[in-house]
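Where a number appears in this text, it was derived from the coordinates with a stated rule and is not lab data. Since the structure is predicted, the reported quantities are computational estimates derived from the model, not experimental observations. No Cβ is skipped: glycine too gets one built from the backbone with ideal geometry, and neighbour counts run over all protein chains shown.
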Amino acid sequence: MDYEVVIGLEIHSELKTKSKIFCGCKNEFGGEPNTKCCPICLGMPGVLPKLNKKALEYAIKAGIAMNCKISRFSKMDRKNFFYPDMPKAYQISQYDLPICYDGYVDIEVNGEKKRIGIERIHLEEDAGKLMHDPFGQGSLIDHNRCGVPLIEIVTCPDVRSAEEARILFETIKTILEYTEVSDCQMQEGSLRADVNLSVRPRGQKEFGVRTEMKNLNSLRAVQRAAEAEAKRQIAVIEKGGQVIQETRRWDDNKGESFSMRGKEEAMDYRYFPEPDLVPIVVDDAWLNEIKASIPELPLSRKERYVNELGIPPYDAGLITMNKKLADIFEEAYKVCGNPKLASNWIMTDILRRINEQGDSVLDSLNGAKFGQILLFLEKGEITQASAKQALDTFLETGEEPESIINRLGLKVQRDENLVLAAVKDVIEKNPQAIADFKAGKTKAFGFLMGQTMAALKGKGDPAQVKKILEEQLNAAINE
Ligand SMILES: [Zn+2]
């Protein structure tokens, strides 16, 4: 039988505010355990939380970028459960009035646009971290993450394959980066996804029984976990069994998932409005201010690059996936005046540097300065090789491109007498190559061309060198 996979994602994203959501503690990853907390985020009796306005602003910003409606009146609620990493024994979250609801994001699957509904985005606090003590028998608790602001993005079950799930996760990650509400450091756990998945015979209207896999922290893990879980559920049904509603843990190393807890243990959180916080009212002025701060988003940037600048869709997609890279491209092509030249350099030279040195190379790459180097190249004043050398030096020293090019003498050598002298010298020193050329071996021309360029220290203009070399060779063999 042919099956259809149905997937929805729940994505948790930490917000990059300076301080935590309800207290003044620093919101920073890492550090000595239990050094970034206070009585409020530790949930001591008698303390009062106060909502961080920036966290609320970031949640609204993410919602607008994902085409959500924004609740003008909402509130925080208590979600009650006991777990050792949550010292209050409740999490302050949002229940029936999430700050954002009813939105969508467009993803691109094999060149086709597909719209995925966003059911809601709500604001909540993160929990601490449990670490298993390798020496003793117990677990240790680090509370530094308690009270870090989070948004939970709940998508509609509109995803129909593991690949779409990965693309959706990546698209939302990029939107969060463009709007600068989260640093999306997946290896630090600041962005993680739960995958809800069921299968049904193709054509059937009702959803199948779904399972949930929690805390997937890479794009690859989301796709692999969804692929494996769809296969597992189909195998259960084919054998005449029934899928059980449960939470499963995905083991990315083993490439399989394991049952964690079944439906019978599903918790009743006894939500009620948080009595220590006032309701949230968002007025027009503030909402408009936040709306105005939303930058052009990745998909519309991509379309602009393709339609207006003539960049190939694949290249435009890759460049816009990374906001820093897209910003660098934008500045560089404006300075050098040639978008294709800038995108070609990014797709080859800059991506190679990222592969070798990581994303940090983008921090020292100023788009306008990069554009200046490309402008010298565009005008034919330096060669491709010299442009690479100038870029190397710029990334090392930060020196002005023009001063690098002058100091290293990188400008193309166009003095006809100098080029002619170099050509004559090469012809004189390579009688064998001249004989080969005379005998019709075209390879010999390439060799002589290389020798002349080397004699000019790579700064000859290839077209000019070729022309003079041809003239001199013809003269030499006709002698
Ligand atoms: Zn605190």
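A compact table of results
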| read-out | value |
| --- | --- |
| Cβ-Cβ FRET estimate between ALA475 and ASP252, R0 fixed at 51 Å, reported to 0.05 | 0.15 |
| Long pairs among LYS61/LYS129; LYS16/LYS129; LYS18/LYS50; LYS231/LYS302; LYS334/LYS466, criterion Cα-Cα beyond 23 Å | LYS61/LYS129; LYS231/LYS302; LYS334/LYS466 |
| Members of LYS53/LYS324; LYS36/LYS75; LYS75/LYS254 lying beyond 32 Å, as alpha-carbon distances in this model show | LYS75/LYS254 |
| Efficiency of FRET from Cβ geometry, SER403 and TYR104, R₀ 45 Å, rounded to 0.05 | 0.35 |
| Segment ARG270-LYS26, extension gain: residue separation times 0.36 nm, minus the distance between their alpha carbons | 84.8 nm |
| Packing rank of 123-131, 79-87, 1-9, where each peptide gets the mean count of other beta carbons within 10 Å, highest leading | 123-131, 1-9, 79-87 |
| Simple spin-label estimate for ASN430 and SER300 in nanometres, 7 Å along Cα-Cβ | 5.6 |
| Built amide H within the under 5 Å cut-off of ASP461, gap 5+ | GLN413 |
| For the stretch 242-318, with +1 on Lys and Arg beta carbons and -1 on Asp and Glu, the positive-most of ASN307, PRO295, PRO279 along the dipole | ASN307 |
| Fully extended contour minus Cα-Cα distance, from ASP284 to GLU112, at 0.36 nm per residue | 58.3 nm |
| Computed [θ] at 222 nm, deg cm²/dmol, the chain (DSSP H ≥ 4; -39,500 (n - 2.57); rounded to nearest 500) | -12500 deg cm²/dmol |
| Total charge dipole magnitude, the chain, about the Cα centre, Cβ charges on Lys, Arg, Asp, Glu only, Debye to nearest 20 | 280 |
| Distance (nanometres) between label positions extended 7 Å along Cα→Cβ at MET44 and GLN464 | 7.7 |
| Alpha-carbon Debye profile of the stretch 54-137, log10 I(q)/I(0) at 0.13, 0.16, 0.22, 0.26 Å⁻¹ | -0.59, -0.74, -1.00, -1.17 |
| Compactness of the stretch 205-344 - radius of gyration and Dmax, Cα, Å | 23.7, 65 |
